[in-house]
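The values are calculated or read from the model by the stated rules, or taken from the named source; none is laboratory data. Keep in mind the model is a prediction, meaning the values are calculated, not measured. Please note: Cβ atoms are built from the backbone with ideal geometry, for glycine as well, and neighbour counts cover all protein chains shown.
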């Protein structure tokens, strides 16, 4: 501590400030989950909006988007939310997110998309889901002109662009909690 000619030494009672910091700490811990939920809501809304811009047939992907609190990864003063899609409701979600190679001819029927089989495959059992590529190539009818890559739409990864808005929403909730302490 400096004790020069321009120094001022004063005894200050900081007990009130310490209790304010304790109150702020409690308020901040209590506001962690609402703040995390506010940020998660921004990402969720953005993901839903991104899905809305994709040409849809059934709307299952839009219905499958969810946000969920993760108690396993949360604790005192820390809260985590997961935003994703239910793969049982929309098993095609990963294909739309990252893209895929379309190797075989398909047709759209009243029941949905059907992959065409080679004429010589009539009456034969379909290959298993995890069958080798050679087995699938022998059964299904290839696309004329060869395989084509269908690019992904990145509806979930695109939601990450909302990070600045999510940070602001989270900060707003924290600020409101701290304002109540004063």
The stretch 144-158, subset part of a loop (DSSP other than H, G, I, E, B) and touching a strand residue (DSSP E or B) at 6+ places or on another chain (Cβ under 6 Å), residue surrounded by the fewest Cβ atoms within 10 Å (Cβ to Cβ) = 147
Determine if the stretch 114-124 includes at least one residue that is outside any strand (DSSP E or B), surrounded by 13 or more Cβ atoms within 10 Å (Cβ to Cβ) and modelled with pLDDT under 90.
-> no
Pick from 90, 39, 68: which is exposed (fewer than 15 other Cβ atoms within 10 Å of the Cβ), assigned by TED's automatic domain parsing to the domain that holds residue 177 and modelled with pLDDT of 90 or more?
-> 68
Selection from the stretch 125-143 of residues outside any loop (DSSP other than H, G, I, E, B) and either surrounded by fewer than 10 Cβ atoms within 10 Å (Cβ to Cβ) or within 31 Å of the chain's Cα centre (by Cα) (or both) yields 133, 134
Tell me, yes or no, whether the stretch 10-26 has at least one residue that is at pLDDT 70 or above, more than 18 Å from the chain's Cα centre (by Cα), in the same structural domain as residue 177 (by TED's automatic domain parsing) and assigned to a helix (DSSP H, G or I).
-> yes
